[in-house]
Amino acid sequence: MREWQWRGFKVVQSIVERLPRAWAYALAVLAARFAWWFSPLARPRLEYNLKVACPDASPVEIRRLSWLNFRNHAKAYADLMMLPRTRVVEMRPLMHVEGWEHLEQARAIGKGVMVVSCHMGSYEVTAAIWSSTLAPVTFFAEELEPRPLFEWYRDTRARLGISVLALDLAGLRKVTHALRDNELVITAIDRDITGTGRVMPFFGRPAPIPTGPTALALRMGTPLLPVCVYRLPDDSHEGRARVAL
């Protein structure tokens, strides 16, 4: 992202955070429609991946899934942009958790919880609620450019009790301390950002998958908790936790 793009982002974000939630989503859907029609690279790449993941889907179904992906991604950005003025008490009714008992059982071990997820849903909402009601939350995150953008992400989440750490040695040391304090660490494992992942089958194709969270959990005796967050048709969110590994 260039400097002028960052400044444009801040202008849009300052507008979105002041809008009612329904209006912010309407603006997001409008932007998503424009991007879906005119994106020269993102949409073809997405539809190629969808064909890999859904080999039996018809072209019409692939187009429908592609549009839903753009729409929900735009709404997730709207959620993020609204965070500076959002209170956790306002978000709680929007979040439903299936498998809450798995999270409680994992925390009862007393060695922290490594929550592994993927880039889907609006997990800032989940993290903010967990941080205020259960335990401090730490995110591993890619360090974005320009630097002011990363600082905005970090500071916005910090206001809600979420620590954002870069994928480096200093971040790893802080994550180790967080787990020793029985905190929650959330990381996405569907992108090999550092280029050190292990190649594994992923939807029938070889893909590099990060192994760092697993290695750290094994070394510390920390349970791994698989979680996915879904946006429901009414724009509430459902988190689904499975049995910890």
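The values are calculated or read from the model by the stated rules, or taken from the named source; none is laboratory data. All values reported here derive from a predicted model rather than from experimental measurement. In this analysis, Cβ positions are derived from the backbone assuming ideal geometry, glycine residues included, and neighbour counts consider all displayed protein chains.
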Failed criterion for residue 213 (all others in (1) surrounded by fewer than 20 Cβ atoms within 10 Å (Cβ to Cβ); (2) assigned to a helix (DSSP H, G or I) hold): (1)
Scope the stretch 203-234; condition out of contact with any strand residue (DSSP E or B) (no Cβ under 7 Å at 6 or more places or on another chain) and farther than 29 Å from residue 105 by Cα; matching residues: 203, 204, 205, 233, 234
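Residue by residue, here is whether (1) free of Cβ contacts under 8 Å to residues at least 12 places away in the same chain; (2) within 14 Å of the chain's Cα centre (by Cα) holds:
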| site | (1), (2) |
| --- | --- |
| 122 | no, yes |
| 126 | no, yes |
| 134 | no, no |
| 139 | no, yes |
| 155 | yes, no |
| 162 | no, yes |
| 176 | no, no |
| 179 | no, no |
Where residue 150 falls short, out of the listed (1) under 20 Å from residue 245 (Cα atoms); (2) in contact with an Asp or Glu (Cβ under 6 Å, 6 or more places away or on another chain): (1)
Answer residue from the stretch 155-209, given it is in contact with a Ser or Thr (Cβ under 8 Å, 6 or more places away or on another chain) and assigned to a helix (DSSP H, G or I) and is modelled with the lowest pLDDT among those: 157
Answer residue from the stretch 216-237, given it is of a type outside the set (Gly, Ala, Ser) and either assigned to a helix (DSSP H, G or I) or not assigned by TED's automatic domain parsing to the domain that holds residue 105 (or both) and is nearest to residue 127 (Cα to Cα) among those: 216
Close pairs from the stretch 88-113: first at positive phi, partner part of a helix (DSSP H, G or I) and surrounded by fewer than 16 Cβ atoms within 10 Å (Cβ to Cβ), Cβ under 7 Å, at least 6 apart: 112/180
Of all residues making up the stretch 90-135, the number that are of a type outside the set (A, V, I, L, M) and assigned to a strand (DSSP E or B): 3
Tally of residues being surrounded by 15 or more Cβ atoms within 10 Å (Cβ to Cβ) and closer than 14 Å to residue 80 by Cβ across the stretch 1-11: 1
